[in-house]
Number of protein chains: 2
Amino acid sequence: MTVARRTGRERVPPHPDIRTITLQQVLEALVDPVRRHIVSELYRAREDVSCGTIELPVSKSTATHHFNVLREAGLIRQHYVGTSRMNALRRDEIDEAFPGLLQALVGR
Amino acid sequence: MTVARRTGRERVPPHPDIRTITLQQVLEALVDPVRRHIVSELYRAREDVSCGTIELPVSKSTATHHFNVLREAGLIRQHYVGTSRMNALRRDEIDEAFPGLLQALVGR
């Protein structure tokens, strides 16, 4: 795990090294339809997206939990800009570690 | 669901139409590592395999449960020959319904 760092107004929570992530962890993250929807939206966005931008059928705190699970599973990268938590899919890293998986799950 | 049929010494349990199966069902079946191992073995075998042929770290009744879950999720086709339950991956159908998924999950 990298250590959270703070640079000016940006704060970065800890992110795992993708090489430590197993297919099991990725599947446990992506078996949840809400989390798969988040990943699907980030897959299409191809840029950093704030948590509130993605419409989800859950409470804000539950949404935060889902984003945390995705970050801890190595699927998304997060950083704060002011009070907004920005999210991006770690697409290139995931594609290298698990070829074809994102395309098969959210690429259609 | 197709109806179980009995032809001579072969009996066939019910199998769902692959078109009724959702990605959610497939993922819930494949998130389990034992079931993913079964699918992986059938992927490599490319022929019908009896349940007992695949070594699993679970009891026989638990193994039977896992095979049933896979059949109900549209992933495997089963039939009995005498007292042996034979299994085959529904590979072509799955590849058509969920392109790239099997390759990404068990094809490495």
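If I filter the range B:75-82 for residues that are within 24 Å of B:THR22 (Cβ to Cβ), out of contact with any strand residue (DSSP E or B) (no Cβ under 6 Å at 6 or more places or on another chain) and modelled with pLDDT of 95 or more, do I get at least one hit? Walk me through it before giving the result.
Going residue by residue through the range B:75-82, those that are within 24 Å of B:THR22 (Cβ to Cβ) are B:75-78.
Subset that is out of contact with any strand residue (DSSP E or B) (no Cβ under 6 Å at 6 or more places or on another chain): B:75.
From what's left, modelled with pLDDT of 95 or more: B:75.
Among the residues of the range B:75-82, at least one is within 24 Å of B:THR22 (Cβ to Cβ), out of contact with any strand residue (DSSP E or B) (no Cβ under 6 Å at 6 or more places or on another chain) and modelled with pLDDT of 95 or more, which makes the answer yes.
Inside the range A:66-79, can you point out the residues that are more than 14 Å from chain B (Cβ to nearest Cβ) and within 12 Å of A:ILE38 (Cα to Cα)?
Across the range A:66-79, the qualifying residues are A:HIS66, A:PHE67, A:ASN68, A:LEU70, A:ARG71, A:LEU75, A:ILE76.
Return the residue satisfying two criteria in turn: it lies in the range A:73-93 and is without any contact (Cβ under 8 Å) to a residue 60 or more places away in the chain and within 17 Å of A:ARG11 (Cβ to Cβ), and of such residues it is nearest to the chain's Cα centre (by Cα). Can you show your working first?
Applying the first criterion (without any contact (Cβ under 8 Å) to a residue 60 or more places away in the chain) to the range A:73-93 yields A:73-76, A:83-89, A:91-92.
If we keep only those that are within 17 Å of A:ARG11 (Cβ to Cβ) too, we end up with A:76, A:83-88.
Details: A:ILE76: 2, A:THR83: 18, A:SER84: 15, A:ARG85: 11, A:MET86: 10, A:ASN87: 6, A:ALA88: 6 Å.
It comes out as A:ILE76.
Please go through the range B:8-64 and pick out each residue that is within 12 Å of chain A (Cβ to nearest Cβ) and β-branched (Val, Ile, Thr).
So the first thing to find is which residues in the range B:8-64 are within 12 Å of chain A (Cβ to nearest Cβ), and the list is B:22-37, B:40.
B:THR22, B:VAL26, B:VAL31, B:VAL34, listed by residue number.
Let me spell it out: the conditions are (1) touching a helix residue (DSSP H, G or I) at 6+ places or on another chain (Cβ under 7 Å); (2) over 19 Å from B:GLN24 (Cβ atoms), and A:HIS66 meets all of them except one. Which number is the exception?
All conditions pass for A:HIS66, except number (2).
Hey, can you tell me all the residues within the range B:93-108 that are outside any loop (DSSP other than H, G, I, E, B) and either more than 14 Å from every other protein chain (Cβ to nearest Cβ) or basic (Lys, Arg) (or both)? Steps first, please.
Looking only at the range B:93-108, we keep the residues that are outside any loop (DSSP other than H, G, I, E, B), and these are B:93-97, B:101-106.
Passing the criteria: only B:GLU93.
Given the structure, is A:GLY82 more than 27 Å from B:LEU30 (Cβ to Cβ) and away from every other protein chain (no Cβ under 14 Å)? Let's see the steps before the verdict.
On the way: more than 27 Å from B:LEU30 (Cβ to Cβ): yes; away from every other protein chain (no Cβ under 14 Å): yes.
When the stated conditions are applied, A:GLY82 passes them.
Quick test for you: out of B:VAL106, B:VAL39, B:VAL49, B:VAL34, pick the one residue that is more than 24 Å from A:LEU105 (Cβ to Cβ), in contact (Cβ under 8 Å) with a residue 12 or more places away in the chain and in contact with a helix residue (DSSP H, G or I) (Cβ under 7 Å, 6 or more places away or on another chain).
Working: B:VAL106 fails: more than 24 Å from A:LEU105 (Cβ to Cβ); B:VAL39 fails: more than 24 Å from A:LEU105 (Cβ to Cβ); B:VAL34 fails: more than 24 Å from A:LEU105 (Cβ to Cβ).
Of B:VAL106, B:VAL39, B:VAL49, B:VAL34, the one residue that is more than 24 Å from A:LEU105 (Cβ to Cβ), in contact (Cβ under 8 Å) with a residue 12 or more places away in the chain and in contact with a helix residue (DSSP H, G or I) (Cβ under 7 Å, 6 or more places away or on another chain) is B:VAL49.
The values are calculated or read from the model by the stated rules, or taken from the named source; none is laboratory data. A quick note: this is a predicted structure, and the numbers were derived from the prediction, not measured. Glycine also receives a Cβ, built like all others from the backbone with ideal geometry; neighbour counts cover every protein chain displayed.
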